[in-house]
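Right, one structure below, let's go through it.
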2 protein chains.
Amino acid sequence: MSKRIIVIGSGAAGLTAASTARRVDPEASITVVTEDEHIAYSPCVIPWVLEGVGGWDSIVMHSPAFYKDERGIDVMIQTKVTGVDDERKVLVTEGGELPYDSLVIATGGTVFVPPIPGKDLPGVFSVRTINDGKRIQEWMGEVDSVSIVGAGVIGLEMALAMRHMGKKVSVIEMFPQVVPRILDADLAEMVQSYLEGQGVEFVMGAPIASVDGDGKVEAVTVGGRRIDCGMVIMATGVRANLEVPRMLELDIGELGAVRASPSMQPYRKGRLVRNVYMAGDVVMCESGVVPGPTMSQLGSSAVRQGIVAGTNAAGGSAMHPGVVSPWVSVIGDMQVAGTGLSKGLAEYYGIDVVEGVAQGYTRARYYPGGKKLVVKVLVERSSHRMVGAQIVSGEEATGRINWLTAAIVTGTTVEDFATYFENAYCPPTSMVRDVALNAADRAAEKL
Amino acid sequence: MSKRIIVIGSGAAGLTAASTARRVDPEASITVVTEDEHIAYSPCVIPWVLEGVGGWDSIVMHSPAFYKDERGIDVMIQTKVTGVDDERKVLVTEGGELPYDSLVIATGGTVFVPPIPGKDLPGVFSVRTINDGKRIQEWMGEVDSVSIVGAGVIGLEMALAMRHMGKKVSVIEMFPQVVPRILDADLAEMVQSYLEGQGVEFVMGAPIASVDGDGKVEAVTVGGRRIDCGMVIMATGVRANLEVPRMLELDIGELGAVRASPSMQPYRKGRLVRNVYMAGDVVMCESGVVPGPTMSQLGSSAVRQGIVAGTNAAGGSAMHPGVVSPWVSVIGDMQVAGTGLSKGLAEYYGIDVVEGVAQGYTRARYYPGGKKLVVKVLVERSSHRMVGAQIVSGEEATGRINWLTAAIVTGTTVEDFATYFENAYCPPTSMVRDVALNAADRAAEKL
C-alpha cells in the first residue's frame, strides 16, 4: 500500500512539505489539512495589498484544485484538527478520522496580542491572514487614524501602507528602538527617521496599557498618554500554534516553540518521535552562527524546513542545518536587511563582537540614480569570524545580505571576507569595491 | 629618509596602490607617473557617457591636485617612462630620473586591434580612455551607421549606446556567440536575442577582413560581405602593456601578461624580483577555482590587486589570492553576469562539469515589476563543488552573482549551497526561495 502522509497547515511550510513529499514519493497518498479558507499565499505581502499593489486573488499562488490536479495532493480547507492518536497513527478532525504513516505539523503561529483591557474591541486587528487583511480593508475606510502596536518590520511596513492610504499613523513600541532585537540602534535610528519623514509618529519605550472605546476602538493609552485612533493593528510578534503539538505531548523548547531535530522531528520527554515531522513558525531552531537556540519565523525558513520535513516524511533523507536567518524589509524607498547576530543577540549569547560600518552608494558615485548604502558587519572578537551584518539602503539590499550570509554560514573571518570575497562591478549597479568590503576593513582594523 | 614609492599608471590599480601605500606608510614619498591626461575614472562607464548619462567631467573622481592636497601623492600626468634601472633603482622619464625604493607597475592594457587592412583609417576607434570617448563622440555626429568589432560586454554595451543615439549598428564577432569564453551559448543566445530586438544586427562566426574606405571609414568586410558604415569601434579585447615590464626583463606568463606572485611581485628568469610590485590589467592571475592561470582584467580586480601591491610596496604585508572574477554588465533593460568557470573555461582546464539551470523572477511571482531571472550553476562532477555561475536578469544580478561567487570561493558543494546558503525574502525584492537555489537543485539531481 502506498504511504499515507498528512500535513497539518497550508502555509509555506506545509505546502512545501506536501509538494516535496510528492517529488520524493510519486505513489504516496498526501493530504493537507488546514483551518484556513485561503491557501498558498505569503502573509508578508498583506501591507502592499492594503495599499493597492495587486488584489487578494492575485497573491494566491495556487488553489486546492491545482494541488489535486497537478500534484495529486488533497487539500482539506476549513478543517479543524480535534485530536491525534499517535499510537494508532490517526488524525482526528471534525469530519472524521484520517490514518497516516507520516505526519507533518506545520501549524504556524498566531499574532500574540498582549492581555490588555480593550484588546477585543471591534477595530482591533492582527495582520496574519487574507481574512485579516480583508477585515482591515473594510474597517479602514471609516477611520482617519491608526495605531500600530509593535515596530517590527511588519508594523513598519503596515505603518507606511497606512500613511500611503492617507491615515494619521502612530506606532507604539515598548522597546526604545524600532526593529528591536534584530537591528542595531544606529541603523534603527535611520529607519525611524525615514518613517518620521513620511509622517509616522512614534511612541517609544512604553508598552500599550489599554485599548479604549465604547463598543469600538476610540483610542489607545500608552505611558499615561491617550492617543485617539479609529483602529489598532497588533504587529506584536508571532507565537507558535501549539494546540496540535500539545495533543501529542511534544517537547516545547525554551523559546516557546516545538523543539526539533536536524531531521525536523520533534521530541517527547527527550526522545525523538518517529513518523512526525515539523516545519515553519511552530518550530524552534538551532542557530547556525553560535551553538544555541533561536527562532526563524521567516517565509524563507518555512520553505527550507518544509523541504526537509517533506523529504523525510516521504522516506527520503534530508537535514536542516542551524539557521542564520537573513531577512529584508522594504519600507517605501528604503530597504532594511539583516543576517546572523545583531549586537542584542550577540549579547544574549554572551558573544563579544566588534563592529565595522561603512557608507557608500549602490552604484558608481557618479552614476545617476545611485542610492545611499550603509553596511554594518559584526565580528566575533575571539575568532574574527563574521557573525552578523545589517544594511540600510535604497536598493539592492537582498543580494548583498545573502552574500554576507554566505560569509557567516561558511565561518569566514572578516579578514578573509575582505581578501577572498570578490564583488562584480558595473557602474550602473555597484561601486568598484563593494561597501560591504569596506565595512569589513573597518572591523578588521579594530581587531 | 622616508621610503620612496613610485607607481606607474593612474588607473584603478595604480591609484589604489598609491592610496593604500599612503595609508600603510604616512611618511613615504609617493609619486604616480602616467602617460594619461585624465586620471581616476572608470573606463567601464564610457558607453553610458556616450549616450548622455553624465559628462566626461562628472566621471572623473579626483584630480591630481586632490591626490596632492588630500593624500600627499604627486601625480605626474602625460609623462612617459623611457627606462628603468633596477640596479640603481631609478625610473627614467622624458623629464629626468626618479629614484625609488619600491616600484609599482600598473601600466594596464591596450585594446588589441587586429592587423587588418584599413585598421588605421580615420573613423576607427577603441574604447579605453576619456580621449577615446571624446573622439568617438565627435565623429559619431557625422555618421548614420556603426560597426562594432567584438561582441564582448564592452562591444555590446557600446552597441546599445549607439542604438540609443539612433545609429544603425552591426556587431561583428568571430566566435559563433556573443560574450564568448565567459558566458555559455544558451545564455548568450538570450542576450543576442534581446539586442536583436533592440535593432542591433549581428554578423557572427567570421573575423573582420578589412576596414574599407578612401581617406576614412566607409565600410567593413566580413566573411566576404561588405557592410557600409561611417565608423568602426574596436572592442576586441585588452592586451597587457608590456613596454615597462620588458625594460625590466620581467617574465611574461603563458597568457601574455606579467606573471606575479601572491605578493604581487614579478619574476625575472623564474626568480622573484624584490622591490617591484604589479597590479591591474598588466598582470596574469592564478585562478581561485582551479589550479591554473587566468586573466582578470576587471576594474574590481585592479582595485584588489592595487591594495595588495600598495600595501607590500609600503612595507606592509598582504596577499592576493586566486581570482574567481565575478563580472556584471548592464545592457539596456538586461543584466548579464557571470563568475568562475564557464563551460568553455571548464573545457580549457579539462574539468568535467554538470549544469543546473532555473528560471523564475526577481520578485514574488505576483508582485508588480518583477523581472524574468535565469540562473545557471556549473558544478565539478568529481567533487560536487560549485565552479561557475551565470545570470541573465532584468535586475538584481550583481548581489546574486556575488553570493554565488562566495559559494565558489569557499569550495562549497552544490548540495551544501542548496542546504546552507539561506536567502532573505520580501515580496518586492525576491522569491521566497531564490532561483539560484533551484538551479543548484537541478544540478544536484544530475550528480
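From the list A:160, A:103, A:91, the lone residue that is within 14 Å of chain B (Cβ to nearest Cβ) and open to solvent by less than 30 Å² (accessible area, probe 1.4 Å) is A:160. Tallying residues that are under 18 Å from the mean Cα position of the chain (by Cα) and farther than 17 Å from residue B:17 by Cβ within the range B:260-284 yields 1. State whether one or more residues within the range A:371-387 are within 9 Å of chain B (Cβ to nearest Cβ), within 26 Å of residue B:434 (Cβ to Cβ) and not β-branched (Val, Ile, Thr). Checked against the condition, which is being within 9 Å of chain B (Cβ to nearest Cβ), within 26 Å of residue B:434 (Cβ to Cβ) and not β-branched (Val, Ile, Thr), the range A:371-387 yields no hits at all. Residue count for the range B:261-284, restricted to those that are among the small types (Gly, Ala, Ser), open to solvent by 20 Å² or more (accessible area, probe 1.4 Å) and on the phi < 0 side of the Ramachandran plot: 1. Quickly run through the range B:356-380 and pick out the residues that are over 23 Å from residue B:295 (Cβ atoms) and part of a strand (DSSP E or B). Of everything in the range B:356-380, those that are over 23 Å from residue B:295 (Cβ atoms) and part of a strand (DSSP E or B) turn out to be B:356, B:357, B:358, B:359, B:360, B:361, B:372, B:373, B:374, B:375, B:379. Counting only residues that are in contact (Cβ under 8 Å) with a residue 24 or more places away in the chain and either touching a Gly at 6+ places or on another chain (Cβ under 7 Å) or among the acidic types (Asp, Glu) (or both), the range A:235-257 holds 10 of them. Being of a type in the set (Gly, Ala, Ser) and either touching a strand residue (DSSP E or B) at 6+ places or on another chain (Cβ under 9 Å) or surrounded by fewer than 23 Cβ atoms within 10 Å (Cβ to Cβ) (or both) is true of residue A:18. Does at least one position in the range A:351-368 carry a residue that is crowded, with 24+ Cβ neighbours inside 10 Å, away from every other protein chain (no Cβ under 12 Å) and of a type outside the set (Phe, Trp, Tyr)? Yes: one or more hits.
Residues are listed down the side, and each one gets a yes or a no for (1) on the phi > 0 side of the Ramachandran plot; (2) touching a residue at least 40 places away in the same chain (Cβ under 8 Å); (3) not small (Gly, Ala, Ser):
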residue	(1), (2), (3)
A:63	no, no, no
A:77	no, yes, yes
A:95	no, no, no
A:100	no, yes, yes
A:115	no, no, yes
A:119	no, yes, yes
A:122	no, yes, yes
A:135	no, no, yes
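Going residue by residue through the range B:244-256, is there one that turns out to be closer than 30 Å to residue B:215 by Cβ and either over 23 Å from the mean Cα position of the chain (by Cα) or surrounded by fewer than 20 Cβ atoms within 10 Å (Cβ to Cβ) (or both)? Explain how you work it out, then say what you get.
Within the range B:244-256, the subset closer than 30 Å to residue B:215 by Cβ is none.
No, the conditions are met nowhere in the range B:244-256.
Only helices (runs of 4 or more DSSP H) wholly contained in the range A:1-73 count here; list those with 3 or more residues that are closer than 24 Å to residue B:363 by Cα and of a type in the set (Ser, Thr, Tyr). Please lay out each step first, then the result.
Numbers: elements: A:12-24, A:46-50, A:64-71.
Qualifying helices (runs of 4 or more DSSP H): A:12-24.
Across the range B:380-389, the qualifying residues are those that are in contact with a Ser or Thr (Cβ under 8 Å, 6 or more places away or on another chain) and over 21 Å from residue B:153 (Cα atoms), and the one among them that is surrounded by the most Cβ atoms within 10 Å (Cβ to Cβ) is B:386. Pairs meeting the criteria (first residue in the range B:25-51 and within 12 Å of residue B:130 (Cβ to Cβ), second residue of a type in the set (Lys, Arg), beta carbons under 7 Å, at least 6 apart or on different chains) are B:43/B:128.
Evaluating residue B:83 against the criteria (1) free of Cβ contacts under 8 Å to residues at least 40 places away in the same chain; (2) surrounded by fewer than 19 Cβ atoms within 10 Å (Cβ to Cβ); (3) within 21 Å of residue B:18 (Cα to Cα) leaves one unmet condition, (1).
Screening residue A:38 against (1) open to solvent by 10 Å² or more (accessible area, probe 1.4 Å); (2) within 23 Å of residue A:108 (Cβ to Cβ); (3) touching a His at 6+ places or on another chain (Cβ under 9 Å) leaves a single unmet condition, (3). Checked against (1) in contact with a helix residue (DSSP H, G or I) (Cβ under 8 Å, 6 or more places away or on another chain); (2) of a type outside the set (Gly, Ala, Ser); (3) surrounded by 18 or more Cβ atoms within 10 Å (Cβ to Cβ), residue B:312 meets all criteria but (1).
Report whether or not residue A:72 is surrounded by fewer than 24 Cβ atoms within 10 Å (Cβ to Cβ), touching a helix residue (DSSP H, G or I) at 6+ places or on another chain (Cβ under 8 Å) and at positive phi.
Values: surrounded by fewer than 24 Cβ atoms within 10 Å (Cβ to Cβ): yes; touching a helix residue (DSSP H, G or I) at 6+ places or on another chain (Cβ under 8 Å): yes; at positive phi: yes.
So residue A:72 passes the test.
Scan the range B:338-347 and tell me whether some residue there is within 9 Å of chain A (Cβ to nearest Cβ) and touching a strand residue (DSSP E or B) at 6+ places or on another chain (Cβ under 8 Å). Talk me through it step by step, then tell me what you get.
Step one: list which residues in the range B:338-347 are within 9 Å of chain A (Cβ to nearest Cβ), which gives B:338-339.
With the extra rule that they be touching a strand residue (DSSP E or B) at 6+ places or on another chain (Cβ under 8 Å), the set shrinks to B:338-339.
Yes, the range B:338-347 contains a residue that is within 9 Å of chain A (Cβ to nearest Cβ) and touching a strand residue (DSSP E or B) at 6+ places or on another chain (Cβ under 8 Å).
Looking only at the range B:260-279, decide whether some residue is touching a residue at least 24 places away in the same chain (Cβ under 8 Å), within 20 Å of residue B:110 (Cα to Cα) and within 14 Å of another protein chain (Cβ to nearest Cβ). Taking every residue of the range B:260-279 in turn, at least one turns out to be touching a residue at least 24 places away in the same chain (Cβ under 8 Å), within 20 Å of residue B:110 (Cα to Cα) and within 14 Å of another protein chain (Cβ to nearest Cβ). Scan the range B:106-131 for residues that are touching a Ser or Thr at 6+ places or on another chain (Cβ under 6 Å) and buried (at least 17 other Cβ atoms within 10 Å of the Cβ) and the total you get is 2. Filtered by the rule that a residue be surrounded by fewer than 24 Cβ atoms within 10 Å (Cβ to Cβ), facing chain B (nearest Cβ under 7 Å), in a helix (DSSP H, G or I) and in contact (Cβ under 8 Å) with a residue 24 or more places away in the chain, the range A:390-447 gives no residues. Anything in the range B:348-376 that is farther than 17 Å from residue B:446 by Cα, out of contact with any Ser or Thr (no Cβ under 6 Å at 6 or more places or on another chain) and of a type in the set (Gly, Ala, Ser)? List them, or say none. Passing the criteria: B:350, B:360, B:364, B:369. Restricting the search to the range B:285-337, which residues are in a loop (DSSP other than H, G, I, E, B), more than 9 Å from chain A (Cβ to nearest Cβ), of a type in the set (A, V, I, L, M) and closer than 15 Å to residue B:18 by Cα? Result: B:314, single match.
For the residues A:342, A:287, A:329, A:325, the requirement of being modelled with pLDDT of 95 or more and surrounded by fewer than 22 Cβ atoms within 10 Å (Cβ to Cβ) singles out A:287. Among the conditions (1) outside any loop (DSSP other than H, G, I, E, B); (2) crowded, with 22+ Cβ neighbours inside 10 Å, residue B:239 misses just one, which is (2). Going by the structure shown, is residue B:24 open to solvent by 20 Å² or more (accessible area, probe 1.4 Å) and among the hydrophobic types (A, V, I, L, M, F, W, C)? Judged against the criteria, residue B:24 is a match.
Would it be correct to say that residue B:146 is touching a helix residue (DSSP H, G or I) at 6+ places or on another chain (Cβ under 7 Å) and outside any helix (DSSP H, G or I)? Can you show your working first?
Values: touching a helix residue (DSSP H, G or I) at 6+ places or on another chain (Cβ under 7 Å): yes; outside any helix (DSSP H, G or I): yes.
Here the answer is yes, as residue B:146 does meet what is asked.
When B:437, B:373, B:378 are screened for being under 18 Å from residue A:301 (Cα atoms) and within 30 Å of the chain's Cα centre (by Cα), only B:437 passes.
The values are calculated or read from the model by the stated rules, or taken from the named source; none is laboratory data. Here the structure is a predicted model, which is why all the values come from computation and not from measurement. When we count neighbours, we look across all protein chains shown, and the Cβ atoms used for this are built from the backbone with ideal geometry, even at glycine. Note: areas computed on protein heavy atoms with side chains; ligands, DNA, RNA excluded. Shrake-Rupley method; radii C 1.70, N 1.55, O 1.52, S 1.80 Å.
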